[in-house]
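A quick write-up on the structure given underneath.
The values are calculated or read from the model by the stated rules, or taken from the named source; none is laboratory data. The model shown is predicted, which means the values in this text are computed figures rather than measured ones. FYI the Cβ positions are ideal-geometry reconstructions off the backbone, even for glycines, and counts take in every protein chain you see.
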Amino acid sequence: MGFPFKPHPRESTVLSKHFGEAEARTLDGWKVRGGYRALEQALGMDPVAIQNIVKESGLRGRGGAGFPTGLKWSFMKLGDGKPHYLCCNADESEPGTFKDREIMRWTPHALIEGCAIAAHAIGAETAYIYIRGEFTEPLEVMERAVAEARNAGVIGPNAMGSGKRVDVWVHKGAGAYICGEETALMNSLEGKRGNPRIKPPFPAAAGLFGMPTTINNVETLAAVPHILVNGGAWYKNMARADNPKSTGTKLWSVCGNVSRPGNYEVQMGFPFREFLYDLCGGPPRGRTFKAVIPGGSSVPIITIAEAEAAFMDYEGMVAVGTMLGSAGCIVMDDAQSIPRQVARLARFYAHESCAQCTQCREGTAWTTKILERIVAGDGTAEDLDTLLDLADNMTGKTICVLSDSCAAPVVSGLQKFPDEFKALITRKTVHTVPAIVA
Amino acid sequence: MPKLTVDGVTVTVPDGATILDAARAVHIDVPTLCWYPKLPTVGNCRICLVSVEGNPKLVASCATQAAESMVVATESLAAVKNRQGVLSLLLERYPTDQIPAGGYRNEFEQLVRRYDVPTDRRSGMPLRTGDERDNDPVIRHDMSTCILCTRCVRACEDIQVVGVLDVANRGDHAEIIVGADGNPEHAGCTWCGECVRVCPTGAIHDIIPMAVRAANGNMVDRMRSKDLPVVDRTVRSVCPYCGVGCQIDLEVRDETVVHVRSPWIEENTPNNGSTCVKGRFGTDFVQHRDRLTTPLIRRGWSKRDGRWVFDPVEHARAGWQRRGGPWDLVQEESMGKKRRPKSNPLDTSPSGMGSLGDPRDRVATPKSWYEPFREATWDEVMELTAQELTRLRDTNGPASLAVFQSAKCSNEENYLLQRMFRGGIGTNNVDHCTRLCHSSSVAAMQRSMNTSAASGSMREVETESDVIFILGANTTESHPVFGAAIKRAVKRGATLIVADPRRIELAARAHIHLQPVPGTDVALLNGMLHHILAMGLEDTAFIAARTHDFDSVRDAVKPYTPERAATITGVPAELIRRAAETYARGPRSATLWAMGLTQHSTGTDIVATLLNLILATGMIGRWGAAMIPIRGQNNVQGASDVGAIPMVYTDYQPVTDPAIRHLFASTWGVPDERIPLAVGLKVTQIVQETSPVRGMYIMGENPILSDPEVSHAEHWFRELEFLAVQDLFLTETARYADVVLPGAAFAEKTGTFVNTERRIQLSHKAIDPPGKARGDLEIIIELSNRIGLHTPFASSAEVMDEIARVTPSWRGVSHARLDGNGGLQYPVLNAEHPGTDFLFDDRFPTADGKARFVGVEFLPPAELPDEEYPFMLNTGRQMYHWHTGTMTRRSFALDAREPGPIVELNPADALELGVGDGDEVRVSSRRGEIRISVRLSTRVARRQVFIPMHYREAAVNLLTNPELDPYAHIPEFKVCAVAVAKATGRQEEARGSRLEARHSAV
């Protein structure tokens, strides 16, 4: 568990090992901790060899989709004569997620090193770190670290004396959730309105400035140096015995009604039940868990029963009808009103819709309107049908998945906690908090 | 070439085609809202989603590439359900109560009906909002009906390359905005109306400027086009303004052209259906109350003993001298107080029509101008005109008569009129305003390549050229639709080199802007060629195989090192070198020019130097390497092509050749001797004290404002024995006429026009001429017959058949072939020939097939600034007006945008002169003086001023220098020396104190 607390003994600290150590933020401090050994090693390697190690490790995208990283890199056609770009998605805006923030705050050089290795592996000379506009402190830390690395020749026209050029630039977003969507991020980087683009073409074919581009999450890139130093097999072994598809460690941001919220780094396949009760310390005193949104606000809500049976990896989450997502774990206890929480989420998506697609622009706003009406005790039975209708309209039909993300908690909330909605409608009353059980 | 099945129909489409393309190819109508042909695909409306077998999700047909053996269902249950979902979501914020019962008003409502979507709004979400244009003269918004398809945004950005509109905010607050502050003027709007054209709901619509009968039968003043009930008919026409030759659709209701619509974007038209502000909003002059509706005869003419005689006493009884009238001479009026607003009030107040009033009330023809005339019958005017023309021919000889034809009239009309004067009168004194525009280009091109028109097409410049070199052409204002194509080419990646003394819009977008001192183009181009030869970048193979006399050029350019050229032109040598190299390296460089090169006393020389550059680098005769003199008027090319110039018959066949004369004389049924073998007089030679011309016939021209040294021209026309004018309005010239014959506007007749790329297009008659006005062809036919030339034509199609017979390169042209398509680019050698999109791929039309180099020395302009007249005056056109303003100043929208004359003055000069924006100044030259208000502009360099030519009340041609080019006899409109001084008056005194503040703001 992150600074200022000590990690829980059951955590496997790889990425979070140096959280809280101010010295790790500096170049020298980072080198003392073994930093930039991986980069040095990588710059002497063939890009394809790096890709293969990452493929072997089984590393998958930590931004939410879980796409195999090595495979993604191998889509970049090396030697096609075009400039390639690496984008690091540091626009961590998913409600409930705050892991990338800590990586950048405490181990900026880990990210720079990962970016540089990845850039080399995909034949890019330029990497952009697109950082969320609200991340003022991480931005400062990152910029300082990049300047330090550049001045020391770690990155730049002759990175670590290898004769290879690797430039890393930090670009600050302006506060739009949608710019965390990879193609919107590219538009934003290009100075355009951050609207997601139609895919195909995929970024590997035509991304930033129309050139082949790979875009990776902060946590993904930060893991790369460790994989290079310790080997793919080492990383691959950190997995559930019966599920080799999810490997390595994963940072979980836990918030909501738990005793010890924060960032936890555990191996893939960790039992969710133990995680919630042992590591996070269970519900606040006198309360019981009711529901969990395990992967950031975009994934379906699950009941606590479902959560307790789950394993914390990509497949384990799918097995209980939700997704790992960005591992922003929002925990709700019995005092929470699900309709109210869902309404709050919908409101967020309505506010953040880029307004391109009809279903999203109008659907998120209408959904919010209905949910807020229900929460206020003014809902009708018909509203619930409309909500499901709208959700159906909003799922799988738009350019990006923002509208799906809005629909997911609505549908799952309605499915799993229908009584709460119905109660608000029939009794025309606001949610009542049950008494604390002694 | 994937083969797929769409709704059970198998279709093969080109690689890269989308599912939507495939569906459209087999006429399956997939509904679309955000998608529009030729606009970038954004796929945001999500209504075109279709089912593809094996794909669990619906896919956007507009954005998904068709793949081999794909099986597509466009109306699957899921697809239809999604469409209903999309439509119902859009309807939630749409004023559904306005949808007429049982009907629909636009594309969107059509789809609502097609998919049977209930129109009751359930969500209670507010109607959409956005930037409105409440007081705009023509373009209005009603953003409650906006569905945010963003077609308008892309049309503005990607077709017109202006970028006025965008989407602001996000989520349900997203809305269309006009620039950053809602002011279209600030955002660079040119009122082209592209947004109006693409809008699927009428959220962006235009105003019909004239009174129209509404659905309820009432006459409504200035109606919204979206409220216009069904029109009676739509007629394809060709825009009457510039040489781009845009096709437009005229919508007719109650025998009135009420609205202009764009042809569908995928139709084969030179403009892809785009227009500029003039084409879309500037055609209401047709309905203007100033239109002449009855023939007029000057008082004093009466019929005695079967003959018409002029009684000067009777005429003078009203107090007027010979040809006089109750009006001020142009010079007097130009010195007078300007009753109109001094500068565009929309500049300061985007919502201010109020101070302007209705431009239609600012009638351009004063009532008093009609006083010297009486209304007459057609028989009277025909009889009188025929009598006087034949009398002058028989007493003073045919050379005492001359005709000014019209670049605004059709080929057929121009052909018949020169036929009347050549065959009926027996004179070659036949000319038109080409003399004042591209005659020097034609002279130079004839000498070098024996050609008189563009070698290539506009679309190759847009899609193929690597380098575009534009000289002396303010394309984005004078030929806006072509200007937009050039901007699209630059967006595509073409390199743009602009040579222009003013920093025009294209110059600001150019990679290289050469800003020479006006009139020094020969030195500039020689300097470029010098550097090309020095670098060895010339195309030696082309020079050897396709040209001769290259040595003359090699010698001529030798002294013009870039440094010397820099000294003469004021363009840095480094820039000259860069431009030269860029142009020569191409690989395909297009060369475009207009009046900036030609209207000089050395105009032919200047164009000849440019041709040397083209030939030396071999930038001609290949697709993408086009040579295009951009033609100014809609039919200046055609009028020249059909022989409305003094030295040639149709197709530039010389009048001096007896065999050719025989061909024409026999076709017209007149003896050969009737037509002189000598070349006739040109416009600028006719209007001279020494000219033998005593009687004139003028069709659709206004030489009193368009000729240089207006005072002289005005005086000359008054001294004529007989003057007949055929026009739409009582122009500055027509007021001096003996006989005024009311003709027909473009919308009132059928005929063909030739655009700047040799494209012959057919324009159809939409309505009848007003009152007793007649079609021009009809007038000419009757007059020809009355003077004894047998003229048996019943329609313009028949005239075209005769033109085709005597014109080798038009042999395959007929109205039937031109109907309903994009026209034909001549040469069209026979009835099957498809036309020619570019020329000279293997030979030039000279005797030996080779082009000739003509080395040229630099000569300075005839009149240069000195102490007395320290400024250099440049003249030209504005975006919103046209030539002498006869049409545009009678257009509601155009006149509202530019209500009065202005002089562009550099702020630094203005500061020295002590004048500010909007102040009046006196601009004088050795020939005249005008009072005009200042528009501060950094477009003009220091010590240069620019005055547009459109305004009678500040006629710039009072000042211009009538010095002529020795070959083409084109006057030096572009350079003369003037003095600028603050006009004194109490008003100006009061303004003085505010001057400093204004200057610091500029």
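Couple of notes before you dig in:
- Flag if B:Asp206 is more than 26 Å from B:Val490 (Cα to Cα), free of Cβ contacts under 8 Å to residues at least 40 places away in the same chain, of a type outside the set (S, T, N, Q) and away from every other protein chain (no Cβ under 14 Å): no
- Extreme residue, surrounded by the fewest Cβ atoms within 10 Å (Cβ to Cβ), among residues of the stretch B:566-588 that are touching a Phe, Trp or Tyr at 6+ places or on another chain (Cβ under 9 Å) and aliphatic (A, V, I, L, M): B:Ile568
- Of all residues in the stretch A:386-406, those satisfying the criterion of being of a type in the set (Val, Ile, Thr) and more than 23 Å from A:Phe421 (Cβ to Cβ) are A:Thr398, A:Ile399, A:Val401.
- Any chance B:Arg93 is more than 10 Å from chain A (Cβ to nearest Cβ), in contact (Cβ under 8 Å) with a residue 24 or more places away in the chain, surrounded by 19 or more Cβ atoms within 10 Å (Cβ to Cβ) and not in a helix (DSSP H, G or I): no
- Subset of the stretch B:186-203 (residues that are among the hydroxyl-bearing types (Ser, Thr, Tyr) and either away from chain A (no Cβ under 14 Å) or in contact with a His (Cβ under 7 Å, 6 or more places away or on another chain) (or both)): B:Thr190
- Number of residues in the stretch B:491-506 that are within 21 Å of B:Gly243 (Cβ to Cβ) and assigned to a helix (DSSP H, G or I): the value is 2.
- Residue, nearest to B:Ser262 (Cα to Cα), within the stretch B:21-50, restricted to residues that are within 12 Å of chain A (Cβ to nearest Cβ) and among the polar types (S, T, N, Q): B:Thr41
- Subset tally (residues that are touching a residue at least 24 places away in the same chain (Cβ under 8 Å), β-branched (Val, Ile, Thr) and farther than 25 Å from A:Asp333 by Cβ) for the stretch A:379-438: 4
- The one condition in (1) outside any helix (DSSP H, G or I); (2) out of contact with any Phe, Trp or Tyr (no Cβ under 6 Å at 6 or more places or on another chain) that B:Thr591 fails to fulfil: (2)
- Test: residue in the stretch B:280-296 that is over 27 Å from B:His479 (Cβ atoms), among the hydroxyl-bearing types (Ser, Thr, Tyr) and in a loop (DSSP other than H, G, I, E, B): yes
- Taking the stretch A:307-328 as the range and being in contact (Cβ under 8 Å) with a residue 60 or more places away in the chain and not small (Gly, Ala, Ser) as the test, the residues that pass are A:Phe311, A:Met312, A:Asp313, A:Tyr314, A:Glu315, A:Thr322, A:Met323, A:Leu324.
- Residue list for the stretch A:302-330, filter: closer than 24 Å to A:Ala423 by Cα and within 17 Å of the chain's Cα centre (by Cα): A:Ile330
- Enumeration of residues in the stretch B:68-90 that are within 11 Å of chain A (Cβ to nearest Cβ) and either free of Cβ contacts under 8 Å to residues at least 40 places away in the same chain or in a loop (DSSP other than H, G, I, E, B) (or both): B:Ala78, B:Ala79, B:Lys81, B:Asn82, B:Gln84, B:Gly85, B:Ser88, B:Leu89
- Taking the listed residues B:Arg926, B:Arg922, the one that is farther than 16 Å from B:Pro865 by Cβ and out of contact with any His (no Cβ under 6 Å at 6 or more places or on another chain) is B:Arg922, with no other qualifying.
- Residue, nearest to the other protein chains (Cβ to nearest Cβ), within the stretch B:174-185, restricted to residues that are at pLDDT below 95 and out of contact with any Cys (no Cβ under 9 Å at 6 or more places or on another chain): B:Ala180
- Sole exception among (1) surrounded by 15 or more Cβ atoms within 10 Å (Cβ to Cβ); (2) out of contact with any Gly (no Cβ under 6 Å at 6 or more places or on another chain); (3) over 30 Å from B:Val42 (Cα atoms); (4) assigned by TED's automatic domain parsing to the domain that holds A:Ala118 for A:Arg197, by number: (3)
- Meets criteria (in contact with a Phe, Trp or Tyr (Cβ under 6 Å, 6 or more places away or on another chain) and not aromatic (Phe, Trp, Tyr)) for A:Cys400: no
- Condition met for B:Gly603 (of a type in the set (Gly, Ala, Ser), assigned by TED's automatic domain parsing to the domain that holds B:Met449 and under 28 Å from B:Asn429 (Cα atoms)): yes
- Filtered by the rule that a residue be part of a loop (DSSP other than H, G, I, E, B) and more than 7 Å from every other protein chain (Cβ to nearest Cβ), the stretch B:51-66 gives B:Glu53, B:Gly54, B:Asn55, B:Pro56, B:Ser61, B:Cys62, B:Thr64, B:Ala66.
- Identity of the residue in the stretch A:371-399, more than 8 Å from chain B (Cβ to nearest Cβ) and of a type in the set (Val, Ile, Thr), that ends up nearest to the chain's Cα centre (by Cα): A:Thr395
- Of the listed requirements (1) without any contact (Cβ under 8 Å) to a residue 40 or more places away in the chain; (2) outside any helix (DSSP H, G or I); (3) farther than 30 Å from A:Thr380 by Cα; (4) more than 14 Å from chain A (Cβ to nearest Cβ), B:Asp166 misses just one: (4).
- Against the list (1) within 14 Å of another protein chain (Cβ to nearest Cβ); (2) surrounded by fewer than 24 Cβ atoms within 10 Å (Cβ to Cβ); (3) within 30 Å of A:Arg60 (Cα to Cα), the condition A:Arg347 fails is (3).
- Test: B:Arg889 is under 29 Å from the mean Cα position of the chain (by Cα) and not in a loop (DSSP other than H, G, I, E, B): yes
- Pick from the stretch A:183-193, criterion at pLDDT 95 or above and surrounded by 15 or more Cβ atoms within 10 Å (Cβ to Cβ), ranking: farthest from the other protein chains (Cβ to nearest Cβ): A:Leu189
- The condition (being closer than 22 Å to A:Glu94 by Cα, more than 10 Å from chain B (Cβ to nearest Cβ) and among the aliphatic types (A, V, I, L, M)) is satisfied by just one residue among A:Ala408, A:Ala435: A:Ala408.
- Filtered by the rule that a residue be exposed (fewer than 14 other Cβ atoms within 10 Å of the Cβ) and outside any loop (DSSP other than H, G, I, E, B), the stretch B:653-666 gives B:Pro654, B:Pro658, B:Ala659, B:His662, B:Ser666.
- Residue in the stretch B:893-907 that is farther than 29 Å from B:Leu610 by Cα and free of Cβ contacts under 8 Å to residues at least 24 places away in the same chain present: no
- Which listed residue, of A:Gly363, A:Gly413, is in a helix (DSSP H, G or I) and either away from every other protein chain (no Cβ under 14 Å) or acidic (Asp, Glu) (or both): A:Gly413
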